[in-house]
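Colleague: Input: one structure, supplied below.
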Amino acid sequence: MADKVVECVPNFSEGRRMDAVEAIAAAIRDTPGCSLLDVDPGASTNRTVYTFVGQPVAVVKGALNAAKVAFKLIDMSKHKGEHPRLGALDVCPFVPVANTTMAECVRLSRDFARELAAELGVPVFLYECSQEAEHRKTLSQIRAGEYEGLETKLAKPEWKPDFGPAEFVPSWGATVAGGRSFLIAYNVNLLATKQQAHRIALLVREKGRDQPGRLKAVKALGWYLEEKDLAQISMNLCDFEVTPLHVAFEECSKHAQELNLAVVGSEVVGLLPLRALLMVAEHYIAKENLFILHERQKVRLAVERLGLSSLAEFKPEEKIIEGLPWL
């Protein structure tokens with residue numbers, strides 16, 4: 001019987017102290033049965049996204065090991081960054097990849113939340129497929145008010161954590177965990193201000209400000225990266241079959257052009273399926289009447305048209321899930 005493979009993508013609120021970033025990475029890497037695939041730190045966001053895979057029990061252990069290291073190294077009372085956040089381990093999703101189900105990932109997320117709360121004494125909220133209450137199902141609902149509003153939030157009965165104490169832990173904050181479907185974290189780069197980027201984000205994301213946005217299954221916000229001297233429309237493509245990469249890129253580019261703003265490429269944070277890039281390639285092959293047969297060249301076309309190497313080299317062998325030696 002083929003091995004079960006689960007992906008875990010913990011987001012930790014530390015992206016500036018590389019010793020701390022590496023210590024958390026080492027905790028995952030050293031967990032038997034876990035393969036660390038990607039580490040993506042950001043200085044302006046002060047956040048690092050880790051991507052690792054493994055068999056179900058191993059993945060829970062790897063996430064717990066990383067959290068225990070972070071508990072010693074991150075102090076949320078001193079944290080500042082562009083990205084919204086609730087805690088030191090801000091969010092920890094479990095994603096079915098191979099020979100497993102969403103139901104199993106829901107169970108894993110509950111096991112993780114229970115053990116994290118018990119071992120560290122911190123509040124943990126469930127979200128997405130692991131949460132039944134509609135008022136606290138999405139990450140944006142739970143994270144509203146962010147870390148600064150958490151103490152007040154925890155005092156309200158409707159915001160009692162799913163696991164752990166309804167008490168404010170200043171150094172940690174709170175953690176959100178759950179089973180969710182695969183998503184692509186995708187950012188479009190602009191020579192613009194944070195406010196201009198966020199204006200476009202409100203226009204394109206499914207949940208707009210006063211009316212629905214243009215792109216289904218897309219969450220977005222705008223921020224500024226000091227270290228890169230540019231702004232980004234930061235998006236979660238929750239279903240790339242509904243809104244593919246090229247559709248998100250071109251919609252953002254259209255609104256940027258209307259505001260006389262320059263688009264300077266884009267980036268994928270973490271990993272993505274091969275099919276997501278092939279969909280981009282097929283779009284531009286048809287649009288430009290190109291003749292390309294080889295899959296490798298199609299991937300290159302997608303990378304070039306989206307400008308995926310604009311901030312750092314896009315290496316297909318490290319970014320495409322299907323090509324990675326997981327276990």
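The values are calculated or read from the model by the stated rules, or taken from the named source; none is laboratory data. Bear in mind that the values here come from a model prediction, so they are computed numbers and not experimental data. Here Cβ is always computed from backbone atoms with ideal geometry, including for glycine, and neighbour counts include all displayed protein chains. Accessible surface is based on the protein model in full, side chains and every heavy atom, while ligands, DNA and RNA are left aside. Shrake-Rupley method; radii C 1.70, N 1.55, O 1.52, S 1.80 Å.
Colleague: Of the conditions (1) among the hydrophobic types (A, V, I, L, M, F, W, C); (2) assigned to a helix (DSSP H, G or I); (3) in contact with a Leu (Cβ under 7 Å, 6 or more places away or on another chain); (4) more than 26 Å from H83 (Cβ to Cβ), I292 fails just one. Which one is it?
Modeller: (2)
Colleague: Sticking with this one: Mind telling me which of the residues L89, L126 ends up being touching an Asp or Glu at 6+ places or on another chain (Cβ under 8 Å) and not small (G, A, S)? Explain how you work it out, then say what you get.
Modeller: On the way: L89 fails: touching an Asp or Glu at 6+ places or on another chain (Cβ under 8 Å).
Answer to the selection: L126.
Colleague: State which residue pairs qualify: first residue touching a residue at least 60 places away in the same chain (Cβ under 8 Å) and inside segment 25-40, second residue open to solvent by 40 Å² or more (accessible area, probe 1.4 Å) and in a helix (DSSP H, G or I) in any location, beta carbons under 9 Å apart, and separation of 6 or more residues or different chains.
Modeller: G33/V57; G33/K61; S35/R29; L37/E318; D38/E318
Colleague: Of all residues in segment 41-57 being assigned to a loop (DSSP other than H, G, I, E, B) and touching a residue at least 40 places away in the same chain (Cβ under 8 Å), which is surrounded by the fewest Cβ atoms within 10 Å (Cβ to Cβ)? Reasoning before the result, please.
Modeller: Going residue by residue through segment 41-57, those that are assigned to a loop (DSSP other than H, G, I, E, B) are 43-46, 55.
Going one step further and asking which of them are touching a residue at least 40 places away in the same chain (Cβ under 8 Å), we end up with 43-45, 55.
Details: A43: 15, S44: 18, T45: 23, Q55: 18.
Per the criteria, the residue is A43.
Colleague: Kindly indicate whether A248 is in contact with a His (Cβ under 9 Å, 6 or more places away or on another chain), crowded, with 22+ Cβ neighbours inside 10 Å and either closer than 21 Å to G208 by Cα or not hydroxyl-bearing (S, T, Y) (or both). Full working, then the answer.
Modeller: Working: in contact with a His (Cβ under 9 Å, 6 or more places away or on another chain): no; crowded, with 22+ Cβ neighbours inside 10 Å: yes; either closer than 21 Å to G208 by Cα or not hydroxyl-bearing (S, T, Y) (or both): yes.
So A248 fails the test.
Colleague: Would you mention how many residues in segment 199-241 are open to solvent by less than 50 Å² (accessible area, probe 1.4 Å), in a loop (DSSP other than H, G, I, E, B) and closer than 22 Å to S310 by Cβ?
Modeller: 2
Colleague: Name the one entry in V60, V91, V106 that is under 22 Å from I142 (Cβ atoms), part of a helix (DSSP H, G or I) and out of contact with any Gly (no Cβ under 8 Å at 6 or more places or on another chain).
Modeller: Working: V91 fails: part of a helix (DSSP H, G or I); V106 fails: out of contact with any Gly (no Cβ under 8 Å at 6 or more places or on another chain).
Answer to the check: V60.
Colleague: Return only the number of the condition from (1) assigned to a loop (DSSP other than H, G, I, E, B); (2) open to solvent by less than 30 Å² (accessible area, probe 1.4 Å) that A281 does not satisfy.
Modeller: Failed condition: (1).
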